[in-house]
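Structure first, then comments.
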Amino acid sequence: MALTTAYYAAPQAPDDARRLFEAAFASVALGGDISLPIRASRGYGSSLVLAREWGMHDLENRLVTAIEASYEPTWDTLSGEFTWGLGLGEEHPRGQYNAFLAAAEAAGPGRWERLSAAPLERQPQVVGVDFPNVALRVAEWRNGSLHLELDVRDEDPASRTTFRIVGAEPRVWEMTGIDGATLEHTAHSVIVRVPKVSGELTFTRGSY
């Protein structure tokens with residue numbers, strides 16, 4: 001329970017949360033080899049969030065190995081859904097446990113604390129992606145540029161897929177990455193048309 005308590009406390013009182021976390025994982029033997037299989041628990045997912053939050057790379061690697069070996073990571077190729085079965089044999093994946101594991105996939109140094117440090121900065125959003133035929137493995141802002149990584153189920157360079165970036169201020173955007181991708185600027189969004197291939201796109205604010 002202390003592992004998960006540390007998760008909730010981390011963005012509010014990071015120093016105290018880290019002391020609690022380190023005491024907790026030492027008491028349950030996460031400081032050494034992790035015995036497999038691990039049981040279904042919120043604690044392993046929340047611990048992976050915090051290991052990535054605080055750059056505890058050795059613990060991160062051991063948790064990833066244990067989770068991969070024990071928690072049945074599964075792609076549903078029909079729906080495009082990724083879940084963890086957790087060895088529970090249930091008809092539907094356990095929601096709360098999956099939520100912690102999904103949070104761990106999005107975790108990184110300082111990200112959990114930043115969510116509570118200040119209101120989220122409003123940024124343009126990507127909408128209208130043809131999921132599950134097209135998925136975004138990465139969609140994040142880095143130094144003022146939007147970086148996308150497209151993962152296309154059935155690649156067909158002769159065909160195109162379309163999505164929009166909404167909330168973008170009315171200016172010219174510059175795009176690099178997949179050959180043949182095009183932009184159309186409108187008053188309220190940027191329309192992106194791209195060949196149906198997997199690859200990376202970067203959007204940078206240009207001149208007005």
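The values are calculated or read from the model by the stated rules, or taken from the named source; none is laboratory data. The model shown is predicted, which means the values in this text are computed figures rather than measured ones. Every residue, glycine as well, gets a Cβ built from its backbone with ideal geometry; the counts of neighbours run over all protein chains shown.
Of all residues in segment 26-41, those that are at pLDDT below 75 and under 15 Å from residue 4 (Cα atoms) total 2.
Annotation note: Cβ proximity below 7 Å between a residue of segment 16-43 that is assigned by TED's automatic domain parsing to the domain that holds residue 85 and a residue that is modelled with pLDDT of 80 or more and assigned to a loop (DSSP other than H, G, I, E, B) (sequence gap 6+ or interchain) occurs for 17/10; 18/54; 37/87; 40/86; 40/87; 40/88; 40/94.
Assessment of segment 179-195 against the conditions (acidic (Asp, Glu), in contact (Cβ under 8 Å) with a residue 12 or more places away in the chain and not in a loop (DSSP other than H, G, I, E, B)) yields no matching residue.
State yes or no: is residue 126 surrounded by 16 or more Cβ atoms within 10 Å (Cβ to Cβ), within 24 Å of residue 82 (Cβ to Cβ) and not polar (S, T, N, Q)?
yes
Within segment 1-46, track down each residue that is among the hydroxyl-bearing types (Ser, Thr, Tyr), surrounded by 13 or more Cβ atoms within 10 Å (Cβ to Cβ) and farther than 22 Å from residue 73 by Cα.
Result: 5, 7.
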